[in-house]
Amino acid sequence: MSDIRVAVIGAGIGGLTFCVALGKQSNIKMDLYEAAREFGEMGAGIAMYYRTQQIMEKLGLHDDLTALEGGPFKKGNAVAFHYRKSDQPKGLSFFDMNTTGGMLHLHRASFQKAIINHLPPTCTSHFGKRLVSYDDPASGPITLRFTDGTTAECDVLVGADGIKSAVRDILLSNLAKEGKLTKEEVAKSDPVWSGTVAYRGLVPKERLEAKAPGHRALTQDTLYCGKNKHLIIFPINNGALINVVAFCSDFSKEGTQYSENSKDWAVNVPKEELLQQYEDWEPEVTALLECVDNPTKWAINVVLPPSTFVSRRVAILGDSAHAMTPHVGAGAGQAIEDAYVLAALLSHSKCTLASLPCVLHIYDAVRRPKATAVWHLSRTNGMIDEFAGAGYEHIGTNDGNVSSETLAKMAKETEKNYDWAWKTSAETDREEAVSMVSKLV
């Protein structure tokens with residue numbers, strides 16, 4: 001196995017986790033190529049549920065995440081989110097979502113640094129390397145070409161280069177040239193807008209305490225619901241910061257190309273724009289948003305999972321394969337699961353230069369259906385949380401006719417769509433994949 005050379009394109013959470021996972025299990029040489037000049041991660045907070053927490057423990061990151069969280073992983077049931085209908089002068093609390101193991105709240109950049117600290121000595125990082133093309137011949141090494149004119153070689157290529165993945169584009173185009181995919185199937189895997197934008201910001205705990213003593217966000221992870229809008233609030237950095245994500249949707253535009261600032265999916269916006277979006281909401285939402293000084297607006301774009309994640313000796317993972325909406329907090333978690341399963345397969349004794357295509361097809365067979373299912377669950381939850389789907393379209397802004405029982409029923413449906421995140425284990429998928437590769441001749 002040690003003579004297999006692995007190239008990883010992209011040093012986000014998925015690519016880094018894959019390198020750590022593979023390094024835990026083998027002496028395979030890895031080259032990690034990142035387009036930026038240094039490690040870096042955009043975004044604010046991420047949520048991590050029990051299923052992903054288990055993987056982190058397996059990879060030896062338990063202590064690191066405990067330090068970031070400010071305490072040990074929770075055991076048993078715990079409240080993940082307090083639900084509240086807030087698009088009205090007086091808000092209405094109607095549900096508490098309970099989870100097994102609770103939810104870890106992590107600052108994305110801090111989490112990335114924790115993973116970087118565990119990169120194995122078998123991994124060499126290269127910066128300023130943006131992939132232009134690759135050749136995957138029937139025999140001999142894969143050749144990589146970068147925008148700076150340099151080239152490199154590997155035996156297996158892993159694309160973890162995000163929603164605008166060059167590896168995905170080349171992989172699918174090659175399959176189309178071989179007659180294995182139609183041009184229409186390739187086009188369906190281009191990024192499209194979900195119809196939703198997210199305003200993101202971080203609020204210092206002390207500032208919110210001073211402005212609104214006893215504010216709910218200081219003690220409760222909260223999901224504020226409204227018509228075509230919702231907010232998710234939870235603390236990060238040991239409670240020093242309140243992570244604010246405020247969603248606004250026009251579902252009639254789902255599947256289109258985002259037209260506003262089309263070349264830049266994340267832009268800084270004035271606070272007044274954010275406040276105007278929620279001007280008719282209850283006072284505690286307004287008080288919270290008034291504490292967001294420098295909001296950014298993100299277009300939530302997605303990639304519909306393609307019909308395959310692999311071709312010959314090339315595989316894609318994470319957002320490269322299945323960029324999804326954030327409404328089950330699973331984007332990072334699904335990338336981590338991809339990385340965990342793929343690393344287990346590549347480190348197996350039955351994985352050789354000759355068997356690499358078969359090994360990657362096993363990865364595709366195990367991971368693609370699971371990631372695709374989560375992709376759809378996330379989309380469904382986003383629509384339910386904004387009274388825009390699943391039979392709740394009749395609920396309107398400042399709707400005095402909707403009962404707390406109806407709202408609780410709605411929330412229980414979204415809770416059920418999280419069941420896989422805290423009632424199942426990725427270890428089952430890993431064992432299934434390992435069993436399949438063990439049967440290779």
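The values are calculated or read from the model by the stated rules, or taken from the named source; none is laboratory data. Please read all numbers here as calculations on a predicted model, not as lab measurements. Methodologically, a virtual Cβ is constructed for each residue, glycine included, from the backbone with ideal geometry; neighbour enumeration extends over all protein chains shown. Quick note on the areas: whole protein, heavy atoms, side chains included, nothing else; ligands and nucleic acids left out. Shrake-Rupley method; radii C 1.70, N 1.55, O 1.52, S 1.80 Å.
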Once both label points are put 7 Å beyond Cα along the C-beta direction, the residue 207-residue 424 separation in nm becomes 4.0
Can you give the accessible area of residue 336, probe radius 1.4 Å, in Å² rounded to 10? 0
Taking all protein chains together and a probe of 1.4 Å, list 234, 251 from the most accessible to the least accessible. 251, 234
At 1.4 Å probe size, put 260, 431, 290, 415 in order of accessible surface, largest to smallest. 431, 260, 290, 415
Beyond 32 Å (Cα-Cα) in this structure, taken from 24/370; 211/253; 188/229; 58/227; 113/180; 297/416, we find 211/253; 58/227; 113/180
Expressed in square angstrom to the nearest 10, the accessible area of residue 406 with a 1.4 Å probe stands at 40
Could you identify which residue out of 189, 259, 93 has the top mean-square fluctuation in a GNM of the chain using Cα springs shorter than 10 Å? 259
Expressed per residue, the solvent accessible area of region 174-234 in Å² (1.4 Å probe) is about 46
Please sort by residue number the trypsin sites (Lys or Arg not before Pro) in region 62-168 whose DSSP state is loop and whose Cβ has at most 12 other Cβ atoms within 10 Å. 75, 90
Using a 1.4 Å probe, what is the accessible area per residue for region 324-441, in Å²? 39
In degrees, nearest ten, helix 331-346 long axis to first principal axis of the chain (Cα): 20
Of 31, 319, 250, the one that fluctuates the most in a GNM where the chain has Cα springs shorter than 10 Å: 250
Can you give the local net charge around residue 344? Use residues other than it whose beta-carbon is closer than 13 angstrom to its beta-carbon, Lys and Arg +1, Asp and Glu -1. -1
When the accessible area of the chain is computed with all protein chains present and a 1.4 Å probe, what percentage of it is carbon and sulfur? 51
Using the Cα gyration tensor of region 109-258, with a ≥ b ≥ c the square roots of its eigenvalues, what is the shape: rounded (a/c below 1.5), prolate (a/b larger than b/c) or oblate (neither)? oblate
Simple spin-label estimate for residue 93 and residue 240 in nanometres, 7 Å along Cα-Cβ: 2.9
